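Notes for the one structure printed next.
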Amino acid sequence: MERQSTETSGPERLAFDSDLFAPSERLTRYREANGQAAEAQEAGPAFTARFLRWRLDRMVLHDRYLNDVTHDRSQARALADGLDHFMAHIVCSGSYEVDGGEGFRLVTPGEVIFVDMTKSMRSRAGAAKLITMSMARHLIEGMGIADDLHCKVIEHQAAALFAEFAATVARRAPELRDDMIGGVTRALVSLLSAAVEPTAAKSEAVELTDVDVARLNRVQRIIEQSLGNPMFGPDMVVVQSGLSRATLYRLFKPRGGLRAYIQRRRLDRVRVALSSNADRRALGAIAGSAGFLSEGHCSRQFLGAFGIRPGEYRAEVADAEISGGCERRLDYWLEELR
C-alpha cells in the first residue's frame with residue numbers, strides 16, 4: 001500500500017509493497033505507483049516490487065527490491081514525457097541488467113550504472129536490491145563530467161564510498177531534519193562526482209574546484225537561512241558571502257543563475273508546505289514564510305513553474321492521500337527535476 005508521510009519534518013516519503021495486494025492485482029498496482037516513465041512487465045512467476053521513495057533537494061532517493069520484473073522506456077516515451085533527469089542505480093544484491101541500445105549488460109553488486117532519461121533503456125531485475133537516485137540534470141552538469149553518461153557503469157571499487165553513504169542515507173532517511181536535506185544531497189552529489197573517473201570530455205565551463213564546492217555549499221546555506229526575508233536577493237548574497245558577482249555568476253550558471261536559483265528555492269519551500277497534510281496554514285502565510293511579498297505573486301510564480309495553481313496542487317495532494325495513490329505525487333517530484 002502506498003502511503004505519504006504526514007510528519008512535519010524530514011523528507012516526504014512514498015511507499016509501495018506488491019505483497020499487500022492479490023496476485024492478480026500486483027502488476028497493475030505497481031504500474032500505478034511507479035508512474036509513467038517506463039512500462040513494467042512481469043518477467044517470471046514470482047513478480048515482487050517494493051519501494052520507499054524519499055524527496056530530497058532536487059533529488060529523489062529510491063530504496064527498492066525488484067524480482068521477476070522488466071522496465072522498458074522507449075525513445076517515443078522519452079520524447080513524449082520530456083523528463084530529462086539522470087538516474088544512478090546502485091546494485092546492492094541480486095541480478096540487474098540494463099540495455100541502453102547495445103544489448104543487456106549485467107550490473108554486478110557494488111557497481112553503479114547511470115541512466116539518462118532523455119534516452120531509451122530497458123532493464124531486467126531478479127531478486128535485485130537497488131538504491132537509486134533520480135537527480136536534476138543541472139546537478140550532473142555541475143560535476144563537470146562527460147556529457148554522455150547513459151548506461152555508463154562505475155565499478156565497485158570506485159563506487160564503494162558513494163554506495164555505502166547512499167545506503168546509509170536510505171536507511172536513516174526518516175531521521176533527516178529539513179535543515180539537513182540540502183547538505184545530504186550535496187554530499188551525495190560530491191561523492192558520486194568523485195566516483196566517476198575523470199575524462200577528457202570534462203567541461204571547463206562547469207568544472208568546480210574543491211574551493212568552489214566549499215564556496216557553493218556555504219552560499220547555499222546562506223540562501224536557505226534567508227529565504228523568509230522578502231528583501232533577500234543577489235545583492236545580499238554578495239554582502240553575506242563576501243564573494244564577487246563574477247564568482248557567484250560562475251558558481252550558479254549551471255543552476256540557471258543566482259536569482260533564478262533563489263526563486264526556485266522559494267517555490268520549493270512553498271511546494272513542500274502544500275504537500276504536507278500536517279501543514280494547514282493558508283497560502284498567504286506559506287507564501288510569506290518563503291519570502292514572497294504577496295499571495296498573488298506567489299500563485300503566479302507557482303503556476304509558471306509547475307503548471308498548476310497552488311490551491312489545485314494542495315487539493316490533488318489531498319486527493320492522492322485519501323485514495324491511497326502515489327503516482328501523481330511521484331510525477332510532481334520528477335517534474336521538479338526538470
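Annotations for the structure displayed:
- Candidates L139, L149, L267, ranked by Gaussian network fluctuation over the chain, Cα under 10 Å, top entry: L149
- Classified by the C-alpha gyration tensor, the stretch 1-181 has a rounded form. Its axis ratio a/c, with a ≥ b ≥ c, is below 1.5.
- Counted as membrane-span-like here are DSSP H helices of the chain whose alpha-carbon atoms extend 18 Å or more along the helix's own axis and whose Kyte-Doolittle mean is -1.0 or above; these are 156-172, 178-195, 210-226, 258-275, 310-323.
- Approximate spin-label separation E164-A318, in nm, with each point projected 7 Å along Cα-to-Cβ: 4.7 nm
- Pair A187, N277: separation of 7 Å Cα→Cβ label points (nm): 3.0 nm
- When the chain is treated as a GNM with alpha-carbon contacts under 10 Å, the residue of S123, S276, S241 showing the greatest mean-square fluctuation is S241.
- Three-way shape label, the chain, alpha-carbon gyration tensor, a/c 1.5: oblate
- Between L106 and D212, the FRET efficiency from the beta-carbon distance, with R0 = 51 Å, is close to 0.85.
- Averaging the sequence gap over all C-alpha pairs within less than 8 Å and six or more residues apart, then dividing by the number of residues, gives the chain a relative contact order of 18 percent.
- Computed over the stretch 200-316: relative contact order in percent, which uses C-alpha pairs under 8 Å that are six or more apart: 25 percent
- Pairs of Lys residues in the chain are counted when their Cα atoms are under 20 angstrom apart and they lie 8 or more places apart or on different chains; the count is 4.
- Using a Förster distance of 35 Å, the FRET efficiency for A15-A260 (Cβ separation, nearest 0.05): 0.60
- Rel. contact order, % - alpha carbon contacts under 8 angstrom, at least six apart, the stretch 1-181: 22 percent
- Each Lys or Arg adds one and each Asp or Glu subtracts one; over the other residues with Cβ under 10 Å from the Cβ of R64, this totals +2.
Bear in mind that the values in this text are calculations on the coordinates, not laboratory data. Worth saying up front: this structure is predicted, and the values here are computed from it rather than measured. Cβ atoms come from the backbone with ideal geometry, glycine included; neighbour counts cover every protein chain shown.
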